[in-house]
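The values are calculated or read from the model by the stated rules, or taken from the named source; none is laboratory data. Just so we're clear, the structure is a prediction, and the values are computed from it rather than from any experiment. Heads up, the Cβs are rebuilt from the backbone with ideal geometry, glycines too, and the neighbour counts pull from every protein chain shown. Each accessible area value is taken on the protein alone, full model and side chains, heavy atoms only, with ligands, DNA and RNA left out. Shrake-Rupley method; radii C 1.70, N 1.55, O 1.52, S 1.80 Å.
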Amino acid sequence: MRFSILQSRLCVFACLLSIHFPLLADNHPQHPLLRDAILPLASQALVLDLVSKQETALAVGERGHIFIYDEQWQQVVTPTKALLTKAFLLSPSLGWAVGHDATILQTQDGGLTWQQQMQSSRIEKPFLDVLFFDALHGVAVGAYGLFYRTQNGGRSWESEYHQELLHEDDILYLKELKLEDMTLYLSERSTLLPHFNRIITLSNGHLLMVGELGLVATSADLGRHWTKHDLHYEGSFFNAIATDNTVYVMGLRGHVFQSSDLSVWTRVDLPLTATINGVMPLGEEKGIRIVGNGGVIIDVNEKGVSQLIQQRQGESLVAITQLANGEIWIAGSKGLSRFNKNDSL
């Protein structure tokens, strides 16, 4: 089992490294903490996430690039050159961004300035998502089971190892190996867990985490213990979202599942089998809008009926979000673009 797991790893951040995203770079009066202009390299930068909270919107990507939205996207100064993979806003002012080299950044002013809370090239694993429950308590998750927790707003982070998310065969293998060779045990232990790609809060306060090898797991104690859910699918899930009545998980080759109770999961039939990367809610009882490779933009209602809205030829789409002004923005291989439903298929 341990060999098949290592050989079957499909790492989303490695795939996305081959995509480059031009950004909007119009001249605009700027705050002194903004860069004088979008840097030349940033004009074709990799952008991996878009998030918004009321009046604040952020985009993050390669070389530590972070952009904030004020009538247009503008780059801000950051303390890292690491590839940033995900961002999270607890409030319009307080947020975090995570990425490679186990990087964690914090902002307290809506993304205008950033402070580095953690970075370690020795860990050699990227964080792929971050979630805070309040201003003090949060978790960051990533490749090969990377899982860190803070209880003081990120001033310090402690590692956790969630053995309960291992395959049973791997649990027995590690138990035997620990008795025989501690050095090899520690090495194997660090790579056997699947990638944790996305972690979200459900309406009941429980957590849902999805990842590699068909991982779907829930926690009733803020991620200290996890229960796996078997969807009879072994591919990677890259994203998840909870609406008022339905939970969706999505990933490779158009695999999208939905559930109203987390015990029975139904496959959503999509018009195309593209890998799904990004998702946003459409509003009360209206379902979700998903984006993915091949430039697909698909709406799915809560009955599981899907409809292709657009397909942007020659693009791969990674993230989608709606701003406070009602505009919907998409990150893709041709840059950050405003979504217009009237654009033709």
Any chance the range 101-109 includes a residue that's more than 26 Å from residue 70 (Cβ to Cβ), modelled with pLDDT of 95 or more and open to solvent by less than 10 Å² (accessible area, probe 1.4 Å)?
-> yes
With the condition kept exactly as written, say whether any residue in the range 288-302 is open to solvent by 50 Å² or more (accessible area, probe 1.4 Å) and either closer than 21 Å to residue 47 by Cα or of a type in the set (Asp, Glu) (or both).
-> yes
Count - residues of the range 200-225 that are over 18 Å from residue 130 (Cβ atoms) and part of a strand (DSSP E or B) = 2
Candidate set: the range 175-207, residues that are of a type in the set (A, V, I, L, M) and without any contact (Cβ under 8 Å) to a residue 40 or more places away in the chain; chosen: the one nearest to residue 247 (Cα to Cα) = 186
Of the conditions (1) touching a Ser or Thr at 6+ places or on another chain (Cβ under 8 Å); (2) without any contact (Cβ under 8 Å) to a residue 12 or more places away in the chain, the single one that residue 305 does not satisfy is (1)
Please list, ordered by first then second residue, the pairs with beta carbon atoms under 7 Å, 6 or more apart or interchain, first in the range 321-338 and touching a residue at least 12 places away in the same chain (Cβ under 8 Å) and under 19 Å from residue 276 (Cβ atoms), second part of a loop (DSSP other than H, G, I, E, B) and small (Gly, Ala, Ser).
-> 332/316; 333/316
Here are some conditions: (1) of a type outside the set (Lys, Arg); (2) within 24 Å of residue 216 (Cβ to Cβ); (3) modelled with pLDDT of 95 or more; (4) open to solvent by less than 10 Å² (accessible area, probe 1.4 Å). Residue 144 meets all but one. Which one does it not meet?
-> (4)
Tell me which of these residue 155 doesn't satisfy, since it passes every other one: (1) out of contact with any helix residue (DSSP H, G or I) (no Cβ under 8 Å at 6 or more places or on another chain); (2) assigned to a helix (DSSP H, G or I); (3) of a type in the set (Lys, Arg).
-> (2)
Inside the range 183-221, can you point out the residues that are at pLDDT 95 or above and among the acidic types (Asp, Glu)?
-> 212, 221
Tell me which residues, restricted to the range 124-133, are touching a Gly at 6+ places or on another chain (Cβ under 9 Å) and either of a type in the set (A, V, I, L, M) or open to solvent by 30 Å² or more (accessible area, probe 1.4 Å) (or both).
-> 125, 128, 130, 131, 133
Has the range 224-238 got at least one residue that is in contact with a strand residue (DSSP E or B) (Cβ under 9 Å, 6 or more places away or on another chain), within 17 Å of residue 305 (Cα to Cα) and open to solvent by less than 50 Å² (accessible area, probe 1.4 Å)?
-> no
Restricted to the range 60-85, and to residues that are aliphatic (A, V, I, L, M) and either more than 18 Å from the chain's Cα centre (by Cα) or part of a strand (DSSP E or B) (or both), which residue is surrounded by the fewest Cβ atoms within 10 Å (Cβ to Cβ)?
-> 77
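Within the range 160-187, track down each residue that is outside any helix (DSSP H, G or I) and hydroxyl-bearing (Ser, Thr, Tyr). Explain how you work it out, then say what you get.
Step one: list which residues in the range 160-187 are outside any helix (DSSP H, G or I), which gives 160-162, 166-167, 181.
Across the range 160-187, the qualifying residue is only 161.
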